[in-house]
Amino acid sequence: MKILIVSATDKEIERFVSLNSVKAGWNHIYGHSVVVGYTGIGVAMASLKIQEYLNLYKPDIVIQAGICGAYTDSGLKVGDTVMIQSESIADLGVLHEDGMKREFVECTRLCNPDTYEYQSVAGNTVNMACSPYVEQNGSAEVESMEGYGLFLVCLHYGVKFAEMRTVSNFVSTDRSSWNLRLAVDNLAYGLSGFLENL
């Protein structure tokens with residue numbers, strides 16, 4: 001299987017790259033041909049770069065791997081690795097006196113038609129991490145800044161995809177919960193195991 005792994009930054013999957021001796025170009029990992037690409041931060045850059053990578057590599061599946069924040073009522077803890085089953089742009093709307101209203105069709109939640117043997121959650125894609133305008137009303141368990149771009153592009157082009165993320169923090173302006181090293185390590189093990197069983 002030809003697999004494209006994308007991450008917003010090299011830091012998020014540096015442990016995976018190290019564990020599997022990933023080099024530039026195609027790599028032979030767990031019986032698959034695997035190539036790694038980086039998109040940059042944010043939904044716009046993710047959408048653009050994933051389209052470019054699809055044209056360049058023509059993969060059978062795209063796996064977006066990275067860290068995420070968990071909402072405090074999600075039941076998740078820092079270090080948990082999850083598979084994102086749906087995505088919505090959570091901070092696209094109009095600011096009114098009583099708060100932000102999500103008024104656009106682009107706010108519609110997109111769903112991955114494929115499921116995997118992994119804990120599945122709903123994701124919010126945001127332009128501002130820990131945004132005070134996003135209602136944490138149980139519609140999602142985690143937030144990231146690129147997931148919607150993966151869903152939008154792969155659904156549009158009919159390419160199989162998966163989004164795997166590890167919780168690095170709780171969604172809050174209090175940064176005391178952040179544990180990037182644990183998240184990066186756990187993501188590496190989770191992603192390696194996913195490839196081995198794919």
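The values are calculated or read from the model by the stated rules, or taken from the named source; none is laboratory data. Values in this document were obtained by computation on a predicted structure and should not be read as measured data. Cβ atoms come from the backbone with ideal geometry, glycine included; neighbour counts cover every protein chain shown. Calculation scope for accessible area: heavy atoms of the full protein, side chains included, ligands and nucleic acids excluded. Shrake-Rupley method; radii C 1.70, N 1.55, O 1.52, S 1.80 Å.
Yes/no per residue for (1) at pLDDT 95 or above; (2) closer than 21 Å to Asp60 by Cβ:
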| residue | (1), (2) |
| --- | --- |
| Gln136 | no, no |
| Ser144 | yes, no |
| Gly149 | yes, yes |
| Ala162 | yes, yes |
| Ser168 | yes, no |
| Ser172 | no, no |
| Phe194 | yes, yes |
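Quick check, is Asn169 surrounded by fewer than 19 Cβ atoms within 10 Å (Cβ to Cβ) and either of a type in the set (S, T, N, Q) or over 19 Å from Ser88 (Cα atoms) (or both)? Here the answer is no, as Asn169 does not meet what is asked. For segment 72-131, the set of residues classified as in a strand (DSSP E or B) and open to solvent by 30 Å² or more (accessible area, probe 1.4 Å) consists of Gln85, Val94, Leu95, His96, Lys101, Leu110, Cys111, Ser120, listed by residue number.
The residues of segment 1-46 that are out of contact with any helix residue (DSSP H, G or I) (no Cβ under 8 Å at 6 or more places or on another chain) and among the aromatic types (Phe, Trp, Tyr) amount to a single one, Trp26. Candidates in segment 147-161 are the residues that are part of a helix (DSSP H, G or I), touching a residue at least 12 places away in the same chain (Cβ under 8 Å) and open to solvent by 10 Å² or more (accessible area, probe 1.4 Å); of these, the one that is nearest to Pro113 (Cα to Cα) is Leu155.
Determine, yes or no, whether Tyr57 is of a type outside the set (D, E, K, R) and in contact with a Leu (Cβ under 6 Å, 6 or more places away or on another chain). Yes: the conditions hold for Tyr57.
Per-residue answers, yes or no, for (1) under 14 Å from Met164 (Cβ atoms); (2) touching a Lys or Arg at 6+ places or on another chain (Cβ under 9 Å); (3) of a type in the set (Ser, Thr, Tyr):
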| residue | (1), (2), (3) |
| --- | --- |
| Gly40 | no, yes, no |
| Val43 | no, no, no |
| Leu48 | no, no, no |
| Tyr53 | no, no, yes |
| Gln64 | yes, yes, no |
| Ile67 | yes, yes, no |
| Ser88 | no, yes, yes |
| Lys101 | no, no, no |
